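Undergrad: Next up is a structure, given as structure tokens.
The values are calculated or read from the model by the stated rules, or taken from the named source; none is laboratory data. In this text, all values refer to a predicted model and were calculated from it rather than measured experimentally. Here the Cβ positions follow ideal geometry from the backbone for every residue, glycine too, while neighbour counts run over all protein chains shown. Side chains included, ligands, DNA and RNA excluded: accessible areas come from the protein's heavy atoms. Shrake-Rupley method; radii C 1.70, N 1.55, O 1.52, S 1.80 Å.
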Amino acid sequence: MGKTIIVSNRLPVKLSDNEGEITLTPSEGGLATGLGSIYREKNNIWIGWPGMEISDEDAQRKVSRELDKQDLKPVFLTQEEINHYYEGFSNEILWPVFHYMPTYARYHQPYWDYYYSVNQKFRDAVLQNMEPGDIVWVHDYQLMLLPGMLRAVVPEATIGFFQHIPFPSYELFRMIPWRVELLDGLLGADLIGFHTFDDARHFVSAARRLTPVISSSNEISYNNRNIIVDSFPMGIDSQKFRELTNKPLVREYIAELNKSFENTRLILSIDRLDYSKGILQRLKAFELLLQLNPEYIGNIVLYMIVVPSRDNVRQYKELLDEIDKFVGGINARYRTMTWQPVFYFYRALPVEELSALYATAEICLVTPMRDGMNLVCKEFIASREHDDGVLILSEMAGASKELSDAIIVNPNNIHALMQAIEEALDMPLAEQKRRMQLMKEIVMKFNVSHWVKLFMARLKEVKQMQLSMFAKHISETSGNNIKHLYAHAESRLIFLDYDGTLVGFTADIEMAAPDEELYRILQKLAEDAANRVVIVSGRNPEFLEKWFGSLHIDMVAEHGAWTKIAHGEWQSLPGLSAQWKKDFFPVLESFTDRTPGAFIEEKDFSLVWHYRKVEESLGELRSNEIMSTLRYLAEDKGLQVLPGNKVVEVKNVEINKGKAALSFLQEGAYDFNMAIGDDHTDEDIFKAMPSPAVTIKVGSQVSAARYSINDYREVRKFLKFLAGNNLFNAPQDFAVREK
Ligand code: GDG
């Protein structure tokens, strides 16, 4: 593996311009310290915006040189770009929607245009620095298009993406006009990480509904590449926070705080200025507490730090005004001559002061309306040297999934928030310690370097998995081997499934008619006297007759209930009964009546409940309901209820594609046997085939078949290649994988 390239909107340094003299100070953010360990290793680099507009080219060169000494590579942005891409698209569209406040979003077209072009700018910066074998790790919502843009240029690249903010439920995400482009961008990554399982789940659900991906749990297949979506809860540099409390300066601050608040109990609140952080709700709960419990007056203090952020955006300015007013109001109403209820600071503090506050406060109030993770609560825990203190944590913060020993609250419930503060103030020391110790164990173990290690290891694993799948892409060899066997055989038996194997899957079953190309392929196969071609389908005889009756091929309809030898008559399997249909039809009908889009297909010896047009999850729910409703009833009558591709089928147990195939196999001795199918009903044929046979599963690797192939298009190419003739110019651009 080559080097690691970290890409984030901001570089982990602060630049300051002192009358033309630019100085760099490292930023203390969690990401900077967490990734600090890897980006300083070997020749790893970090690419990002340096945090201020630098338009002068000389100054840009100078800054680049300085940054280069620390392996940092700047992407310079103009004020226009910062306004539209960063403050506009990122913070006025993605941030509110992803934090469940869609009414704050402004879907402004130029925001998107800049978001796109700035992502391209980042792409170019990465490409300039990227060498074969490098790993690219992209961070956060400002760069959602970057993985896709990189993939388009370097298809084999190893790309990880981590999102630090929540991924909203599909219902919110779908509101964004550029939703598909955003997903397409993210799907360029090999590993997509979120803080929580719910975020990952929401992402997979949006991808399934809005793009043509195939997914099974947290694995997505997109453009023939497998992508893993997973949760990686981010930690902090817990050792650093633990040790900080022993620094002499911090001890001094702790002593000062203890002296100033000798007889008052400190409740701490620290956030960036943001409407997602629930600052006003917290103030309301605190005021309610004082109002209902006057005995606290003079005894408790809310020590509230709000770190300036985005205050040139209108909603942030308004929030700031409201906080000012609210704090003023509470202080005016409740202060005494010697005491004031809220100590409010609108500024960033040095980390030593922060550490002293974490170590001194009795309660830490972390009650965001939404938060991807929230690191403040973890920093508080890591700073409790005596394991005392109480954390009140919003259930809407990602951290609540790990820190279940906090007092967990719904931040919208002001009364419950107030009660949580009461509970915290009354909590016995032993209980405080019990909870704190459990949480500390988690915070110390799942620290930020653990997080980095997990993510990087998983990314390498995903790449390995893709490579080993690629190794099975022995298209040339497998294709040629099969062709060799085919060419040297004197008599061949070929079973072909229809839907999903020879044609694509369509919402309307009548639409899946064969096209000219398919006819030519089948005709070509059939006209070879050594071939016996059998279409084995779940379709009814009428359908197959209409489309293939004129070809010299055999056909099996309704999964084996009907058989027709080329140009002969349709024969049904002897001894089948259809009496049961009158009992089962009404049951299926009752499900159809409750499920818009569903319909029943009646065949001679089976009933099929289709849900390909039904809203996705509802269809799956109903099919499960049908199966559990009918299972026992069916067994009694010698029937089977089988799930299929967007269908549930009820049919006689004797009907089975495998049995149908066997009767063909027994009729003659063939020295080349082949079956191709995509459905679970085709598995019965694969299993019935004599060894050695060429069995090929379409679309998946989980099968009894020996080979797999991607989709019906590749099946067609493969068949053209086998039939190999001048009619088709058949390049081998398909992949038959041996399993
Ligand atoms: C995003 C997601 C996710 C705060 N005040 C001061 C100060 N801080 C430091 C804290 C903490 C960090 O800022 C804040 O991190 P959070 O996680 O709480 O929140 P966001 O900035 O919104 O971060 C969030 C995070 O990304 C990581 O993935 O957890 O959900 O929104 O480290 O200590 N640091 C100093 N002075 C301050 O006054 N020095």
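Undergrad: Checking Gly36 against (1) open to solvent by 40 Å² or more (accessible area, probe 1.4 Å); (2) not in a strand (DSSP E or B), which test does it fail?
TA: That leaves (1) as the condition not met.
Undergrad: Consider segment 547-576. How many of its residues are among the hydrophobic types (A, V, I, L, M, F, W, C) and part of a strand (DSSP E or B)?
TA: Residues that pass the stated criteria total 5.
Undergrad: May I ask you to list the residues in segment 396-430 that are acidic (Asp, Glu) and surrounded by 13 or more Cβ atoms within 10 Å (Cβ to Cβ)? Explain how you work it out, then say what you get.
TA: The first filter runs over segment 396-430 and keeps only residues acidic (Asp, Glu), leaving 402, 405, 422-423, 426.
Scanning segment 396-430 gives Glu402, Asp405, Glu422, Glu423.
Undergrad: Something else about it: Can you name the number of the only condition in (1) under 32 Å from the mean Cα position of the chain (by Cα); (2) surrounded by 15 or more Cβ atoms within 10 Å (Cβ to Cβ); (3) more than 21 Å from Thr245 (Cα to Cα) that Glu379 fails?
TA: (3)
Undergrad: Just a yes or no: is a residue in segment 678-687 modelled with pLDDT of 90 or more, in the same structural domain as Leu502 (by TED's automatic domain parsing), surrounded by fewer than 22 Cβ atoms within 10 Å (Cβ to Cβ) and not acidic (Asp, Glu)?
TA: Yes, some residue in segment 678-687 is modelled with pLDDT of 90 or more, in the same structural domain as Leu502 (by TED's automatic domain parsing), surrounded by fewer than 22 Cβ atoms within 10 Å (Cβ to Cβ) and not acidic (Asp, Glu).
Undergrad: Taking segment 128-166 as the search range and keeping residues that are over 25 Å from the mean Cα position of the chain (by Cα) and surrounded by fewer than 18 Cβ atoms within 10 Å (Cβ to Cβ), which one is farthest from the ligand (Cβ to nearest atom)?
TA: The qualifying residue farthest from the ligand (Cβ to nearest atom) is Pro132.
Undergrad: Return the residue satisfying two criteria in turn: it lies in segment 100-126 and is surrounded by fewer than 14 Cβ atoms within 10 Å (Cβ to Cβ) and in contact with a helix residue (DSSP H, G or I) (Cβ under 6 Å, 6 or more places away or on another chain), and of such residues it is nearest to Leu146 (Cα to Cα).
TA: Of everything passing the filter in segment 100-126, Pro110 is nearest to Leu146 (Cα to Cα).
Undergrad: Of everything in segment 576-601 that's over 22 Å from Val614 (Cβ atoms) and exposed (fewer than 15 other Cβ atoms within 10 Å of the Cβ), which residue is modelled with the lowest pLDDT?
TA: Going through the qualifying residues, I end up with Ser577.
Undergrad: Something else now. So Val650 ticks every box in (1) part of a strand (DSSP E or B); (2) open to solvent by 40 Å² or more (accessible area, probe 1.4 Å) but one. Which box is left unticked?
TA: Against the list (1) part of a strand (DSSP E or B); (2) open to solvent by 40 Å² or more (accessible area, probe 1.4 Å), Val650 comes up short only on (2).
Undergrad: Residues that are among the hydroxyl-bearing types (Ser, Thr, Tyr) and within 16 Å of the ligand (Cβ to nearest atom), at least 2 per element: which strands (runs of 3 or more DSSP E) completely within segment 242-361 meet that?
TA: Strands (runs of 3 or more DSSP E) meeting the threshold: 342-346.
Undergrad: Among the residues of segment 75-82, is any at pLDDT 95 or above, open to solvent by 30 Å² or more (accessible area, probe 1.4 Å) and within 24 Å of the chain's Cα centre (by Cα)?
TA: no
Undergrad: Of all residues in segment 362-376, count the ones that are in contact with a strand residue (DSSP E or B) (Cβ under 6 Å, 6 or more places away or on another chain) and either within 8 Å of the ligand (Cβ to nearest atom) or assigned to a strand (DSSP E or B) (or both). Walk me through how you get there before you give the answer.
TA: We begin by selecting, within segment 362-376, every residue in contact with a strand residue (DSSP E or B) (Cβ under 6 Å, 6 or more places away or on another chain); these are 362-368, 371, 374, 376.
Within this subset, residues satisfying the condition of being either within 8 Å of the ligand (Cβ to nearest atom) or assigned to a strand (DSSP E or B) (or both) are 363-366, 368, 371, 374, 376.
The qualifying residues number 8.
Undergrad: Moving on. Look at Glu243 and say whether it is under 22 Å from Val443 (Cβ atoms) and open to solvent by 30 Å² or more (accessible area, probe 1.4 Å).
TA: yes
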